[in-house]
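Below: the structure, in structure tokens.
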Amino acid sequence: MDRRCLKQMLRGALVVGLFLGLAAAARAQTCSTTITGGTYTDLLVPAGDTCTLQGVRVTGNIVVQSGATLIAESNCETQSSVGGNVIATGAACLYLVSPGVSVGGNVIAIGTVAPVTSSQCTSERNNVFCPTKVTGNAAILGSSSNSLPWNFCSVSFTVGGNFEFANNATEGYVVSKTIRGNLLFDNNTDGGFISDNTIGGNLQCSGNSPAPTGSGNTVSGAKLGQCSTF
């Protein structure tokens, strides 16, 4: 498939997910504290607040507003899940940690901005993105230079669609993932590491300065651009 068509398809899916998430915010219940257990339709994390989910089921979407933090935690006894999308615009930190955390739609983080003081984010010193499964697409776009690096960690999880890390001014570490679609790593300005992933489509890296490093990726499609030897 032509790379321009591929990107247009991915952008279309993300726009749909973003629209649905923002529409859900109008009817969502707010979360500005720790919620343990229970089922909710849609959740909104208001600007500047922190929402921690422990063993919570969200059947719809979670919208994370400017400067806010979303922490979703699970263990063998309490598992958190999101049936729809996680949409974060200008958020401070996302901390989605397996085992057990799953997202039935897309995860879209646009313009992540700055470190925060929550214990999870500061102890890891990363935005941590390690759910068990994302059924749709995942996209991390336009993180600012003062935001925390994105750690996609060495815990295996599956992205059912495409995974895009683009136009970020902070690092991205993509390790030991199963990506059913394509992995696109484009136009980032703080480097990255792409290693030991299983990718059903193409692995494409372009326009990154510095270029990412990596190895050991199993790719069913093509390895392209700066990732051609990965």
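Put a dot 7 Å past the Cα of Thr135, heading toward its Cβ, do the same for Thr229, and the two dots end up 4.1 nm apart. Taking 0.36 nm per residue of sequence separation and removing the Cα-Cα distance, the Thr189/Ser220 pair yields an extension gain of 8.4 nm.
Arranged from fewest to most other beta-carbon atoms within 10 Å of their beta carbon, Leu44, Leu183 become Leu44, Leu183. Computed from the C-beta positions of Thr30 and Ala169, the FRET efficiency with R₀ = 45 Å rounds to 0.90.
Values in this text are rule-based calculations from the coordinates and carry no lab data. The structure displayed is predicted, hence computed values, not measured ones. Neighbour counts run over all protein chains shown; Cβ positions are idealised from the backbone, glycine included.
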